[in-house]
1. Can you tell me which of 150, 157, 189 is farther than 14 Å from residue 62 by Cβ and either within 13 Å of the ligand (Cβ to nearest atom) or in contact (Cβ under 8 Å) with a residue 24 or more places away in the chain (or both)?
2. Counting only residues that are of a type in the set (Ser, Thr, Tyr) and over 19 Å from residue 316 (Cα atoms), how many does segment 88-126 have?
3. Give just the number: which of (1) within 21 Å of residue 345 (Cα to Cα); (2) open to solvent by less than 10 Å² (accessible area, probe 1.4 Å) does residue 245 not satisfy?
4. Name the single residue, out of those in segment 401-421 being open to solvent by less than 60 Å² (accessible area, probe 1.4 Å) and in a loop (DSSP other than H, G, I, E, B), that is nearest to residue 269 (Cα to Cα).
5. What's the number of the only condition in (1) among the acidic types (Asp, Glu); (2) away from the ligand (no atom under 14 Å from the Cβ); (3) within 9 Å of the chain's Cα centre (by Cα) that residue 122 fails to meet?
6. Kindly provide the set of residues from segment 163-195 that are part of a loop (DSSP other than H, G, I, E, B), within 13 Å of residue 46 (Cβ to Cβ) and open to solvent by less than 20 Å² (accessible area, probe 1.4 Å), ordered by number.
Amino acid sequence: MNIIDIINKKRNKESLNNLEIDFAVNGFVNGKIEDYQMSSLLMAIVINGMSEEETIYLTEAMIKSGNIMDLNDIEGVKVDKHSTGGVGDKTTLIVAPLVAACNLNVAKLSGRGLGHTGGTIDKLESIPGFNVNLNEKEFIKQVNDINIALASQTNNLVPADKKIYALRDVTGTVSSIPLIASSIMSKKLATSTDVIVLDVKVGKGAIVKSMEEAHLLASLMVKIGNSFGKKTVAILSDMDEPLGCAIGNALEVEEAIRILKGEGDEDITKLCVTLATLMVTLGKNISYKEARELVLEKLHNKEAYHKFLEWIKYQHGNIDELKISDKVISIKSQKTGYIQSIDALKLGEIARNIGAGRLRKEDKIDYSVGILLSKKVGDYVLENEELLKIYLSTKDVNLKEIIETYEIGPEYKEPNKLIIDLVK
Ligand code: URA
């Protein structure tokens, strides 16, 4: 077997078998296949696609490239969630303690943000002292003690994805449904969880922009999860405008706390309740209605909020020292009217450029900066009334560029439905 034949096969729209996929993935991880050869294969996959069967083989080959995190010493069912990434997506910070308060185990590994989307690990690291580097023993003990632990993905968890993703990032090969599905699912399946709930974001600020692609991605990931014997479901949720009001690490933690206290935006609260309900219904094998009642009870009686505080303290975070920059600029509307749209992608890029995210993996994040929206789609705004606040530190910002992220018109515009569909 050789890599050139495999590339030619995919270029000619033929299917690859499991041995060929294993050969390509292992060869690349071991340095026997060059970057230019792997890029060529990836581009052939982007153009000619992969069948479901090939995507499952690819997922399996990626999982086998590293160690599986053995969580068998955790007592009881383990549930996990994953979002395909968006702007202002702080749902994990709310959903994880909410589900843990329902007495299910949330044993979660997360990544850092890259590009315009934020990562949960960065948000948690904005809490002074919070330790994201737990070894397997500490991780398991913490879940057994308090039902929740969240740590950074280790280097030996799916090393093939790290290497392939880095190459995709610089060769125009990120945008492929089978490559995205196998990349995400290999990392989820390498932690031996029992339940996986996926939040596939669709819209301007998401990795997939069209409804058709989002449905394809969601159903492919659900099939992969099920084929590995894991209960897997996905929801499709809107990412045309940012999720909630805060973009930027410490600001998002602060918004998560507001939501857990019952003081948050109605839409994002509803999304978190839906994700938590799906995790609880599958994790406890109870009806959706029973699960939803339990989740709402834990939110309303603040047990979820107290679970959040217990979790942060256990991982040495000091929430009282959360630092948000005091260099604040209030951006005012230049006209009166209804908000028609807010460009999530552009705001995500602006937040990244002022230090809330990274352009390159090595970049350092400024946790204290970000954006807080005062108006969302459908709201009415008067000329000179505040649209948003921007929290700056060392970097400057182009005010005109920010104002242009808001489109304002005379007619009322109904916001997009946040929860679009459920894929089982
Ligand atoms: N997130 C991932 O982990 N992988 C992808 O390919 C895209 C988004």
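1. Only one candidate passes the filter, namely 150.
2. The total comes to 2.
3. All conditions pass for residue 245, except number (2).
4. 418
5. Every condition holds for residue 122 apart from (3).
6. Once the filter is applied, which keeps residues that are part of a loop (DSSP other than H, G, I, E, B), within 13 Å of residue 46 (Cβ to Cβ) and open to solvent by less than 20 Å² (accessible area, probe 1.4 Å), segment 163-195 yields 173, 176.
Listed here are the residues, each with its yes/no results for (1) under 30 Å from residue 144 (Cα atoms); (2) touching a helix residue (DSSP H, G or I) at 6+ places or on another chain (Cβ under 7 Å).
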| site | (1), (2) |
| --- | --- |
| 5 | no, no |
| 8 | no, no |
| 12 | no, no |
| 22 | no, yes |
| 25 | no, yes |
| 32 | no, no |
| 48 | no, yes |
| 68 | yes, no |
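Each row is one residue, and each column tells you yes or no for (1) surrounded by 21 or more Cβ atoms within 10 Å (Cβ to Cβ); (2) of a type in the set (A, V, I, L, M, F, W, C).
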| residue | (1), (2) |
| --- | --- |
| 292 | no, no |
| 304 | yes, yes |
| 309 | no, yes |
| 325 | no, no |
| 332 | no, no |
| 338 | no, no |
| 353 | no, no |
| 360 | no, no |
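The values are calculated or read from the model by the stated rules, or taken from the named source; none is laboratory data. Fair warning: this is a prediction, and the values are worked out from it, not measured in the lab. Every residue, glycine among them, receives a Cβ derived from its backbone with ideal geometry; neighbour counts consider all protein chains shown. Calculation scope for accessible area: heavy atoms of the full protein, side chains included, ligands and nucleic acids excluded. Shrake-Rupley method; radii C 1.70, N 1.55, O 1.52, S 1.80 Å.
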